[in-house]
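Asker: Before I ask anything, here is the structure I am working with.
The values are calculated or read from the model by the stated rules, or taken from the named source; none is laboratory data. This is a predicted model, so every value here is computed, not measured. Because the Cβ atoms are built from the backbone with ideal geometry, glycine has one as well, and the counts that use them run over all protein chains shown.
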Amino acid sequence: MRFCVTANSTHTDDRRMLALGFRLAAIFGLSTMSMVVKLASESGIRLPEIMFWRQFMAIPVVLVWVLFSTGLSSLRTTRFGAHLRRSFLGATGMFFTFGSIVLLPLAEATTLGFTVPIFATILSAFFLREKVGLHRWAAVIVGFIGVMVVIQPGGGSFPLKGALVGLTAALMVGIISLQLRDLGKTEAPPTTVFYFSLLSSSMLLILHFAPLPGPIEAALAWGTTSHSPYQWMLIAGLGLCGGLGQIALTASLRYAPVSTVVGMDYTSLIWSTAYGWLIWSVLPGTSTWMGAPIIIASGLYIAWREHRLSIEKPREMTV
């Protein structure tokens, strides 16, 4: 009996380590994708086209994943409308996420992305009517204090436009996380990722050729010049890093709950800082170094409280 407990414990530890490894690989891949997004924008590729290639080039990667995991039959769905809504919101969120990468240094854009748990907590309270206790509300307030430290409103050192775009991106990801929670009740993760890649790239392609009002067309227009080999290399990197990063992100949740692996997400600040220094010779400002730990601590505390509550609820039901 004693031996069995040890074996099970070892097995659990192995699965946890595997989950952490997948999560670290995912964050590296997605951080590298962010770096490629910034390089692609600087090379002259417009943001809507970057988004299109990010999604379109990921489709073959995701199809191979589906083929060797859940099988092509898993792509059958009765919730096409839900996938369509998720793709529209996902493309909108991607527009703001990539926009913040273009407008801000990588480390600053990454730091604002850490506010997603804060927005997710607020949205779950108001839209899902989930009970949010004093502890998590306090963490939300502390998180926004961290945001104020980073942005320093009125200080003029942090671009206000970039800050608004970055925070809107985090809000959109929070909205999408609630939608994914609903989709996850009936759809396998590979199915959701496949339809997101397929539908969002189709939407962007339609918008490219559709007649649109002047201001919208100016915002969504693609370049008309042919791409250089360097630009095509960046485009291929978008799909490869994004697709593999998404797969590793989903795989990490097969072996451990979110609360176990979420701490690894903050390693993205290490990668974004390294890329910023190596490629653009830019390091985060003092306000970012001061505010980022506050935002990270807030997000980790929210995740820890949600984990504790998920343990306590079954206990209360059995009493």
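Asker: With the requirement that a residue be surrounded by fewer than 16 Cβ atoms within 10 Å (Cβ to Cβ) and among the hydroxyl-bearing types (S, T, Y), what does segment 76-97 give you?
Answerer: T78
Asker: Does R85 fit the bill of being at pLDDT 90 or above and over 17 Å from the mean Cα position of the chain (by Cα)?
Answerer: Details: at pLDDT 90 or above: yes; over 17 Å from the mean Cα position of the chain (by Cα): yes.
Judged against the criteria, R85 is a match.
Asker: Which residues, taken from segment 50-75, are surrounded by 21 or more Cβ atoms within 10 Å (Cβ to Cβ) and at pLDDT 90 or above?
Answerer: I50, M51, F52, W53, R54, Q55 - these are the residues of segment 50-75 that are surrounded by 21 or more Cβ atoms within 10 Å (Cβ to Cβ) and at pLDDT 90 or above.
Asker: Out of W277, W304, I need the residue that is in a helix (DSSP H, G or I) and either closer than 19 Å to M51 by Cβ or at pLDDT 90 or above (or both). Which one? Give the derivation first.
Answerer: Details: W304 fails: either closer than 19 Å to M51 by Cβ or at pLDDT 90 or above (or both).
Only one candidate passes the filter, namely W277.
Asker: In segment 289-308, what residues are within 18 Å of A163 (Cβ to Cβ) and surrounded by fewer than 18 Cβ atoms within 10 Å (Cβ to Cβ)?
Answerer: W289, M290, listed by residue number.
Asker: Now a separate question. Just the residues that are among the polar types (S, T, N, Q), at pLDDT below 90 and surrounded by 16 or more Cβ atoms within 10 Å (Cβ to Cβ), please, taken from segment 111-165. Walk me through it before giving the result.
Answerer: Of segment 111-165, the ones among the polar types (S, T, N, Q) are 111, 115, 121, 124, 152, 157.
Now narrow it down to the ones that are at pLDDT below 90: 121, 124, 152, 157.
Matches in segment 111-165: T121, S124, Q152.
Asker: Then there's this: Out of segment 23-41, which residues are over 15 Å from the mean Cα position of the chain (by Cα) and more than 26 Å from F209 (Cβ to Cβ)?
Answerer: Going through segment 23-41, the residues over 15 Å from the mean Cα position of the chain (by Cα) turn out to be 36, 38-41.
Once the filter is applied, which keeps residues that are over 15 Å from the mean Cα position of the chain (by Cα) and more than 26 Å from F209 (Cβ to Cβ), segment 23-41 yields K38, L39.
Asker: Now, a different point. Which pairs have Cβ atoms under 7 Å, sit 6 or more apart or on different chains, and link a residue in segment 119-145 that is over 16 Å from D182 (Cα atoms) to one that is among the charged types (D, E, K, R)?
Answerer: Qualifying pairs under 7 Å: H135/R305; R136/R305.
Asker: Could you check segment 237-259 and list, in sequence order, the residues that are in contact with a helix residue (DSSP H, G or I) (Cβ under 6 Å, 6 or more places away or on another chain) and either within 19 Å of W304 (Cβ to Cβ) or at pLDDT below 85 (or both)?
Answerer: First pass over segment 237-259, keeping only residues in contact with a helix residue (DSSP H, G or I) (Cβ under 6 Å, 6 or more places away or on another chain): 237-239, 241-252, 255-256, 259.
Selection gives G243, Q246, I247, L249, T250, A251, S252, Y255, A256, S259.
Asker: Could you go through segment 205-228 and let me know if any residue there is under 18 Å from I176 (Cα atoms), among the small types (G, A, S) and at pLDDT 90 or above.
Answerer: In the first step, residues of segment 205-228 are kept if they are under 18 Å from I176 (Cα atoms); the result is none.
The answer is no; no qualifying residue exists.
Asker: Return the residues of segment 66-79 that are in a helix (DSSP H, G or I) and either without any contact (Cβ under 8 Å) to a residue 60 or more places away in the chain or within 13 Å of the chain's Cα centre (by Cα) (or both); say none if nothing qualifies.
Answerer: Just the residues of segment 66-79 that are in a helix (DSSP H, G or I), to begin with: 66-68, 72-75.
Scanning segment 66-79 gives L67, F68, L72, S73.
Asker: Another one. Just need a number here: residues in segment 166-202 that are within 15 Å of T77 (Cα to Cα), touching a Leu at 6+ places or on another chain (Cβ under 8 Å) and surrounded by fewer than 20 Cβ atoms within 10 Å (Cβ to Cβ).
Answerer: Of the residues in segment 166-202, 0 are within 15 Å of T77 (Cα to Cα), touching a Leu at 6+ places or on another chain (Cβ under 8 Å) and surrounded by fewer than 20 Cβ atoms within 10 Å (Cβ to Cβ).
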